[in-house]
Amino acid sequence: MDTNVIYIMPVVLCVLVMFSAFFAMSEVAFISLNKLRLRYLLQQGRKNAQVVQRIVMKMDKLIATILVGNNFVNIAISAIGTSLFIYFFGNNVATISSDIDYNLDCVDCRGDNPENLCRKARGKSFFECCLVFGRDY
């Protein structure tokens with residue numbers, strides 16, 4: 001692998017993790033949307049509320065799009081992470097890498113994932129959610 005690619009891949013990995021968090025938080029934001037507040041904002045004539053209303057009317061397409069996007073990003077994260085791991089540690093350690101990945105997935109299923117953290121941070125924007133990602137809301 002080229003040396004320049006090795007320096008770029010961790011940056012791409014971090015950007016992909018941010019995309020994954022964005023997809024997860026978008027899913028929670030639209031699912032936990034307060035319908036009464038949306039109706040109130042529509043009555044006030046807010047353009048953003050009209051956009052959200054159009055998106056919510058097609059909730060099945062929205063969820064499918066979010067899940068496909070999140071899966072695509074997570075597969076890319078896995079591929080890049082595995083190639084970096086093999087580059088630095090060799091092919092013999094690939095089994096340990098898959099064991100570590102499995103354990104991290106189990107920790108993610110425990111409930112400290114971006115969706116649950118964003119759910120606890122109601123009323124905050126996506127960027128506020130990211131800035132205080134590890135803080136207990």
So, restricting to helices (runs of 4 or more DSSP H) that lie completely within segment 1-93, which ones have at least 3 residues that are modelled with pLDDT of 85 or more, more than 19 Å from the chain's Cα centre (by Cα) and among the charged types (D, E, K, R)?
35-43
Of all residues in segment 19-57, how many are under 24 Å from V68 (Cβ atoms) and exposed (fewer than 11 other Cβ atoms within 10 Å of the Cβ)?
3
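The values are calculated or read from the model by the stated rules, or taken from the named source; none is laboratory data. Keep in mind that what you see is a predicted model, and the values were worked out from it rather than measured. We place every Cβ from the backbone using ideal geometry, glycine too, and count neighbours over all the protein chains shown.
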